[in-house]
Each structure stands twice: as structure tokens, then as C-alpha cells.
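Inspection log for the structure reproduced underneath, given as C-alpha cells.
The values are calculated or read from the model by the stated rules, or taken from the named source; none is laboratory data. Note that the structure is a prediction, hence the values are computed from the model and not measured. Note that we place each Cβ from the backbone using ideal geometry, even for glycine, and neighbour counts take in every protein chain shown. We work out accessible area using only protein heavy atoms, side chains counted, and drop any ligands, DNA or RNA first. Shrake-Rupley method; radii C 1.70, N 1.55, O 1.52, S 1.80 Å.
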Amino acid sequence: MTKKWFKLGMLSMALTMTVGLTACGGGDKEPAAAGGDSSSKGSKKLVIYTARDKNVVEQIVPKFKELNPGIDVEVMTMGAQQIMERVRGEKANPQADFWWGGTQSSFITAANEGLLESYKPSYADSIPAEYKDAQDRWYGEMLLPEVIMYNSEALKKEDAPKDWDDLLDPKWKDQILIRGVMASGTMRTIYDAMIYRQDPASPDKGYEWLKKLDANTKEYTQDPTQLYLKLARQEGTLSLWNLQDILIQKEMQKQPFDYIYPASGAPILVDGVGIVKDAKNMENAKKFFDFIFDEGQLKEKADKLFQIPTRTDIDKSQFPDWYKNLDTKSLDLDWTVLADKEKEWMQHWDENIKGKGGK
């Protein structure tokens, strides 16, 4: 009998503790609003999926938190294509609030699939139509030229390839390192652009070009970190990458990297941002949106993070010399076609060209 009453007493105590914890929201969290919607006014969270370089994240996010101390910011870093797939998979129950960094092709596709929220900021008119969505579902934060990257200790600038087709020269066999293509919005865009510049109506010529590039490619690295490590160790001497990250590695990390701006022009990405459809922390997402487009932030990012802003209402003379002196010749590309064909073209490359040595 004593054991029986002891068990009943313990059960009663457990139930009391459970009810108490539920009423207190776990002790240190405010209870959810009616309906359990954490997007209500006063939300204290912001979940960001980003494809930005960690150096960018480490510069920007702490400043936002300093201005918004009541917001708990969670950042998940992954490739732009991985973000696309994750946001798509979470459509019925969004886990992210803000998508920070990705190609316009990815954002066009995401907008067409209903994955992005419409939000028109106060500075919308200062961003050209080609750098944003007509329904305000995404905006380009910066322009990102894709260029030829090389190890400046292993190669002299005058000896490095001057244009895209120079990369196919057999003398560069096993000298090219490529960041894994399928998970990277940057690499998918470069490869799509190489197909398009051959003949957008018939991708076969572009596939042949990529076969020759594959024949000279020593390795497809898992992520940018591995690319930088292997290139610095001279396991290869060349790569294809975006201008901003090359300059960050060169100037901030003191890596032996430099770049060649291709003579025929570069694919210039409109690197975008957007709020996830039905984001749980909508107001905080809007705050971050406006923060990264703030005029002062744009100037500082150009100076310290080598970003080329899309806003046209800021005097260019106020920007650093590297930007004012940059020749941004662009390849003639139809980004709508690239967005439409990307999946088909990249699937063919992955299944029929990658790692086959040009065969």
C-alpha cells in the first residue's frame, strides 16, 4: 500500500511540474501567441539561410544584432542551390525567414514556385528593373562578376588564361580545381553561361566545351573552403569563381590568389535576397532586408567586403578605388533562358560529363 501511494504521489508531482512548465513556456521563453504563430508582433527570432561567404556573415550579422538586441538571429550557411532545395522542401512549414544570397536564376525559379513573399522597400525605385522581381518577391543586393581565379605564387598574371576558351588549352590539364558544381549557385551559373555563349538554342556545343574543361579539371572540391585550401597548396593553380570572394580571400585572409577578368566578358550575377513565403518572423525579416540595403551599409560593404551595390542613387565617387576602376564588361546572357534551362543543362552535365575526362 505504501508503494502504491508513493507511486501516486510521484505521478501527481510529475503532472504538476508538466503543467507548470507549460504555463511558463519552458521557463525562459514567452508563450506563443494565440494559434501558435511565432510571426506575431514582438517575435524575437530571425532565421537566415545564406550562401554568403562566412567573412561577410561575420561582418554584417553582429552589426544587425547590435541595432536589434531583442532579436535572436540564427544563420545557416549552405550553397545557393541547397538553399533553393531546402526552401522548396519546407514550403508547407517554412523554417527560414530570410534567404540571403543566390543567383537571379534561383530567385526567378523560387518566385515562380511561390516560395517568396512580396515586399517593396522604400528604396525600390533606385534599383533597376533588371536587378529585381516585377512583383517585389526578390531584389538584387549586389552585382557579382564571375572570373578566372589563379594562385599568384604559382602563376604570373601575364601567363594566366586571358579568356574562357584559354582554359581548354591542354597545358592546363590537372591544373584546374572547381568547387562542386551542383550544390553551388555560382558554379551552376558559370557553367550555364558557358553553354549559352556557345549556342543557347542548341546546348550540344556547350556540352562539348564543358567536356574539354572537364578534361583539364583535376578535382571538384566539396565546398569553397576546400577549394581555397587546395588552391593555396598549389594542388591546382586555376579555378573559376566570383570576384568578391576572391578579393576577400586575397585582401582579408592574405591568400595567394588573384583574378583575370575574361576579355570577352563575365557572367555578372545579380546576387539576390528575399523573404521566405509565410515566414514565421516576417517583421524581423523585413528589418534585416532594409538593414543590408542601408546606404551606409552598402558603402562599408564595398570598402571592406568588395561588394558592388545595385542601388543607383549613391554617388559612385564615394566608393573605394577598386570599384571605381573596375571594368565590368558583361557577357550577353538572357537570364530568363538560364533560369528555364538550368536544371536540364546541369543534370546533363552531372550525368554525362562530370569526371569523365572529356570522353
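ARG188 fulfils the conditions (1) open to solvent by 20 Å² or more (accessible area, probe 1.4 Å); (2) part of a helix (DSSP H, G or I) except for a single criterion, (1). In the range 297-335, of all residues being open to solvent by less than 70 Å² (accessible area, probe 1.4 Å) and of a type in the set (D, E, K, R), the one that is farthest from GLU130 (Cα to Cα) corresponds to GLU300. Look at (1) surrounded by fewer than 17 Cβ atoms within 10 Å (Cβ to Cβ); (2) within 21 Å of the chain's Cα centre (by Cα); (3) farther than 20 Å from GLU130 by Cα; (4) not polar (S, T, N, Q) and you find that GLY355 fails only one, number (2). The residues in the range 304-352 that are of a type in the set (Asp, Glu), within 23 Å of the chain's Cα centre (by Cα) and not in a loop (DSSP other than H, G, I, E, B) can be counted, and the count is 4.
Being outside any loop (DSSP other than H, G, I, E, B) and hydrophobic (A, V, I, L, M, F, W, C) is the filter; apply it to the range 118-163 and report the residue that is farthest from LEU227 (Cα to Cα). Here the residue is ALA124. When we screen ALA14, ALA34 for residues that are at pLDDT below 95 and open to solvent by 90 Å² or more (accessible area, probe 1.4 Å), the only hit is ALA34. Restricting ALA129, ALA134, ALA96, ALA92 to those that are among the aliphatic types (A, V, I, L, M), closer than 24 Å to LYS44 by Cα and open to solvent by 70 Å² or more (accessible area, probe 1.4 Å) reduces the list to ALA92. Of the helices (runs of 4 or more DSSP H) contained entirely in the range 224-303, those carrying at least 1 residues that are over 17 Å from the mean Cα position of the chain (by Cα) and of a type in the set (A, V, I, L, M) fall at 224-232, 282-292. Give me a count of the residues in the range 103-117 that are in a loop (DSSP other than H, G, I, E, B) and either aromatic (Phe, Trp, Tyr) or in contact with a strand residue (DSSP E or B) (Cβ under 6 Å, 6 or more places away or on another chain) (or both). Selection size over the range 103-117: 1. It is to be established whether one or more residues within the range 287-296 are on the phi > 0 side of the Ramachandran plot, of a type outside the set (Asp, Glu) and crowded, with 18+ Cβ neighbours inside 10 Å. No - not one qualifying residue is present in the range 287-296.
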